[in-house]
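The values are calculated or read from the model by the stated rules, or taken from the named source; none is laboratory data. All figures in this text were calculated on a predicted structure; none of them were measured in a lab. Here the Cβ is made from the backbone with ideal geometry for all residues, glycine too, and neighbour counts use every protein chain on show.
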Amino acid sequence: MQTELRVAGADDLAAVTDVISAAFHADPAWSWAFPDATRRAVQYDSWWRLFVAGALRFPWTWVAGPYAAVSVWIPPGQAEMTPEQEDRVEPLLVELLGATDAQRVLEMAHRFESNRPVEPHFYLSLLGTAPAHRGHGTGVALLAANLSFIDAEGAPAYLESTNPANLARYERLGFERRGEFATGGDGSPVVTTMWRPARPA
């Protein structure tokens, strides 16, 4: 990959959040969670900032080029957020969506948690390509580079694909479909869980 890669730091919080927010704007699962397209960009900025901030305490958030793509990983045995950040999730959702819709998204988040493997693994929390850089393979190349580092650690990797259009891309990099779950009730978007076994470096 010709694009420069680097590990993100605290100063990258806003820019990484911007890339994730733009990349997920029309995502089937997360646009279901935040259905008002006119408010979604502002809501995403607060929502995804919490996740990115949690991940930045580890050296596993990566930036490709001038924020062309970003990947947000959680290392084995670690939580996505600190306990203080976790305590902010429900109040933030109530603030962004109101009490009723907040409960709907909390249930969605619980489904993500309950489907996560218990085996130690690197968890791809978020992967996004900036809209201006889509279609050039930047996100896939970033992911492939990350996986080479994970292979060097001798560890497996796990992700949830919230967009069926990405399944084949992940499979080409060695991920296997593990299961699926709905974000909510009947007719809600389906999320596919994917596992990549540890490989020799």
List every residue pair whose Cβ atoms lie under 7 Å apart, where the two residues are 6 or more positions apart in sequence or sit on different chains, the first residue falls within the range 67-78 and is over 19 Å from Ile20 (Cβ atoms) and at pLDDT 95 or above, and the second residue, located anywhere, is surrounded by fewer than 18 Cβ atoms within 10 Å (Cβ to Cβ) and of a type outside the set (Phe, Trp, Tyr). Pro76/Pro120; Gly77/Pro120
Could you please find all residues in the range 154-170 being out of contact with any Ser or Thr (no Cβ under 7 Å at 6 or more places or on another chain) and free of Cβ contacts under 8 Å to residues at least 40 places away in the same chain? Ala157, Leu159, Ala165, Asn166, Ala168, Arg169
For residues that are of a type in the set (A, V, I, L, M) and free of Cβ contacts under 8 Å to residues at least 40 places away in the same chain, scanning just the range 79-92, find the one that is surrounded by the fewest Cβ atoms within 10 Å (Cβ to Cβ). Ala79
Going by the structure shown, is His110 surrounded by 20 or more Cβ atoms within 10 Å (Cβ to Cβ) and either without any contact (Cβ under 8 Å) to a residue 60 or more places away in the chain or closer than 24 Å to Glu153 by Cα (or both)? no
Residues being at pLDDT below 95, farther than 14 Å from Thr162 by Cα and surrounded by 15 or more Cβ atoms within 10 Å (Cβ to Cβ) - total across the range 178-201: 1
Do any residues in the range 5-32 that are on the phi < 0 side of the Ramachandran plot and part of a strand (DSSP E or B) have Cβ atoms under 8 Å from those of residues that are surrounded by fewer than 17 Cβ atoms within 10 Å (Cβ to Cβ) and not small (Gly, Ala, Ser), where the two are at least six apart or on different chains, and which pairs are they? Val7/Pro59
Please work out if Gly174 is on the phi > 0 side of the Ramachandran plot, touching a strand residue (DSSP E or B) at 6+ places or on another chain (Cβ under 7 Å) and surrounded by 13 or more Cβ atoms within 10 Å (Cβ to Cβ). yes
